[in-house]
Amino acid sequence: MSLGTGDLRNKSMPDKNIIKLQKETYLKMIKNSIGIKLFNSLFVKFKNSGKIIDILDNGIYSCAFFVSSILALLKYLDSPHTTVKSTREALIKKKWKRIRKGPIQLGDVLIWEEITFPDGTKNQHIGFALNKKQAVSTSYKKRKVVKHHITFNNKRKIIEIFRFKENL
């Protein structure tokens with residue numbers, strides 16, 4: 001007797017008859033993230049002053065938290081990060097492969113060059129490739145995850161590409 005979809009939802013993992021499809025789940029999470037604001041805020045409290053702030057400023061600085069949280073949920077990284085620099089270091093530590101040649105693939109992690117924000121800060125950007133022409137990342141203007149041209153219509157150069165070591 002085979003299990004119906006409803007039966008599968010009621011089963012707890014692991015089940016010897018079920019194989020979790022990590023790659024497929026990862027790629028679908030990227031596609032399903034478009035339009036969400038889930039990763040826009042991360043509140044911290046300063047011990048010395050007691051002041052509480054949202055260090056991601058309601059989505060303005062949320063790209064690394066978005067990318068690293070998706071990767072951490074699937075155990076591709078150990079934990080979420082709040083900066084592109086620390087996310088990049090975690091990718092290297094987890095032995096993600098730096099891609100130097102060849103086409104960009106769905107699921108590749110992209111790092112774009114630094115730009116100057118309206119407040120004067122300089123920031124790199126990180127997101128996921130959908131294909132060789134489109135990507136998914138957070139928008140500091142729209143304050144949500146958006147699908148966009150892979151180079152923001154030639155306004156922002158990709159400086160690094162990372163692919164999971166087991167070639168998602």
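Scanning segment 43-97 for residues being among the charged types (D, E, K, R), closer than 26 Å to THR116 by Cβ and exposed (fewer than 14 other Cβ atoms within 10 Å of the Cβ) gives a total of 2. For segment 115-129, a residue qualifies if it is surrounded by 12 or more Cβ atoms within 10 Å (Cβ to Cβ) and either of a type in the set (S, T, N, Q) or at pLDDT 95 or above (or both), and the qualifying residues are ASN123, GLN124, HIS125, ILE126, GLY127, PHE128, ALA129.
Okay, residues lined up against (1) outside any helix (DSSP H, G or I); (2) modelled with pLDDT under 95; (3) not hydrophobic (A, V, I, L, M, F, W, C):
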{"position": "MET1", "(1), (2), (3)": "yes, yes, no"}
{"position": "GLU24", "(1), (2), (3)": "no, yes, yes"}
{"position": "MET29", "(1), (2), (3)": "no, no, no"}
{"position": "ASN40", "(1), (2), (3)": "yes, no, yes"}
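The values are calculated or read from the model by the stated rules, or taken from the named source; none is laboratory data. Given the structure is predicted, the values throughout are model-derived calculations rather than measurements. Here Cβ is always computed from backbone atoms with ideal geometry, including for glycine, and neighbour counts include all displayed protein chains.
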